[in-house]
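The values are calculated or read from the model by the stated rules, or taken from the named source; none is laboratory data. Here the structure is a predicted model, which means the values were calculated and not measured. Cβ sites come from the backbone with ideal geometry, for glycine too, and all protein chains shown count toward neighbours. Note: accessible area is taken over every heavy atom of the protein model, side chains too, but ligands, DNA and RNA are not part of it. Shrake-Rupley method; radii C 1.70, N 1.55, O 1.52, S 1.80 Å.
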Amino acid sequence: MTSRIASAGSRVARRPLSSLLLCLQVALLAACATAPPREPISDDARRALALLAERYAEFTTMRALADVSLTRGGERQRLQGVLLIRAPSSVRLEALSPFGPPLMVVTVREGQITAYNALKNEAHVGSADSETISKVLRLPLEPDDLVSMLAGRFAGPRDLRSAEVLAPDATGPSLDLVDGSGGRQRVWLDLGTGLIQQRQIYGSQFNALIKYRRDGAGTLAGFDLDAAMSYVTGSVTYRNLVEGEEIDEERFTLAIPKGAKTLPIR
């Protein structure tokens, strides 16, 4: 009798485990089924990717004055600031005040984002990822993607699954890209120089069209952003832009003033 009870108990105990294993197998199969297959990449798409990678590899630093106009959910913000960028993933943005120290300073460096509000004497600190960067800068991008977007560069998606050069439209020729998670991007570029005119991100949490503005020599003058699904639109205009000059890495470290309240970014 005791052995029958023990045997029945073991069968009952095994059923949840077998059900769990079955669920895991189904989940894994579903994940594999949704991952886009790898497709052969044509020679013209490879050349376009190589041009983008070459332009990305050339980038080291950028500094500029930035006029920023951003609208999110009907709330409009305008500011003038100083923007510093260092490859691959360091950013410093200072929102200038008419007189005195900056009103706000935001830094991204070595996987951490820090935002200091001088008016509130309050700092917010957190790990730098698309979620925290979105809460501070309204741009849900990873640090290296943020740098490449601000600098008008693009290295290509991680885990590339397909790449196709599309016929020119009113903007010009473009490269359609799909990554392993199913995210898609379309990049309009000069197929001779690799300069990006426009970049569209879709199929992810951030659906956006970024239109770059350049002068006659191809120097970046700014960009316009339309992420209507995220209720974010805006523009950034660069002045006195300089690329390639050394910027001390310590400029991307923000020393929080003594007495400031420090809070985590949630």
For strands (runs of 3 or more DSSP E) lying entirely in the stretch 111-206, having 3 or more residues that are out of contact with any Leu (no Cβ under 7 Å at 6 or more places or on another chain), within 20 Å of LEU83 (Cβ to Cβ) and modelled with pLDDT of 95 or more picks out 112-117
If we keep only residues of the stretch 154-174 that are more than 13 Å from PRO36 (Cβ to Cβ) and hydrophobic (A, V, I, L, M, F, W, C), then the residue surrounded by the most Cβ atoms within 10 Å (Cβ to Cβ) is PHE154
Notebook entry, point to check: Quick check: anything in the stretch 198-219 touching a Ser or Thr at 6+ places or on another chain (Cβ under 9 Å), surrounded by 17 or more Cβ atoms within 10 Å (Cβ to Cβ) and among the polar types (S, T, N, Q)?
Noted result: yes
Note on the stretch 106-134: residues within 19 Å of the chain's Cα centre (by Cα) and within 14 Å of ILE256 (Cβ to Cβ) are VAL106, THR107, ARG109, GLN112, ILE113, THR114, ALA115, VAL125, GLY126
Scan the stretch 99-109 and tell me whether some residue there is hydroxyl-bearing (Ser, Thr, Tyr) and either without any contact (Cβ under 8 Å) to a residue 12 or more places away in the chain or open to solvent by less than 20 Å² (accessible area, probe 1.4 Å) (or both).
yes
task: For LEU177, state whether it is hydrophobic (A, V, I, L, M, F, W, C), open to solvent by 20 Å² or more (accessible area, probe 1.4 Å) and more than 20 Å from SER89 (Cβ to Cβ).
output: no
In the stretch 123-133, anything open to solvent by 40 Å² or more (accessible area, probe 1.4 Å) and more than 18 Å from ASP145 (Cα to Cα) is listed as HIS124
Exercise. Do we have VAL242 as outside any helix (DSSP H, G or I) and surrounded by fewer than 19 Cβ atoms within 10 Å (Cβ to Cβ) here?
Worked result: yes
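A quick yes/no check of all residues on (1) in a strand (DSSP E or B); (2) open to solvent by less than 60 Å² (accessible area, probe 1.4 Å); (3) at pLDDT 95 or above:
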residue: LEU21; (1), (2), (3): no, no, no
residue: VAL26; (1), (2), (3): no, no, no
residue: ALA33; (1), (2), (3): no, no, no
residue: LEU65; (1), (2), (3): yes, yes, yes
residue: LEU70; (1), (2), (3): yes, yes, no
Filter the stretch 78-96 for residues that are more than 17 Å from TYR116 (Cα to Cα) and in contact (Cβ under 8 Å) with a residue 40 or more places away in the chain; the one that is most open to solvent (accessible area, probe 1.4 Å) is PRO88
Restricting attention to the stretch 247-266, the residues that are open to solvent by less than 90 Å² (accessible area, probe 1.4 Å) and assigned to a helix (DSSP H, G or I) number exactly 2
Yes or no: the stretch 50-62 includes at least one residue that is open to solvent by 30 Å² or more (accessible area, probe 1.4 Å), closer than 16 Å to LEU146 by Cα and part of a strand (DSSP E or B). no
>> Condition (residue is of a type outside the set (Gly, Ala, Ser), buried (at least 18 other Cβ atoms within 10 Å of the Cβ) and within 19 Å of GLN200 (Cβ to Cβ)) applied to the stretch 111-120: is it met by at least one residue?
In response: no
Output for Cβ contacts, cut-off 7 Å, separation at least six or different chains, first residue in a strand (DSSP E or B) in the stretch 207-221, second among the acidic types (Asp, Glu), reads ALA208/ASP226; LEU209/ASP226; LYS211/ASP224; ALA221/ASP215
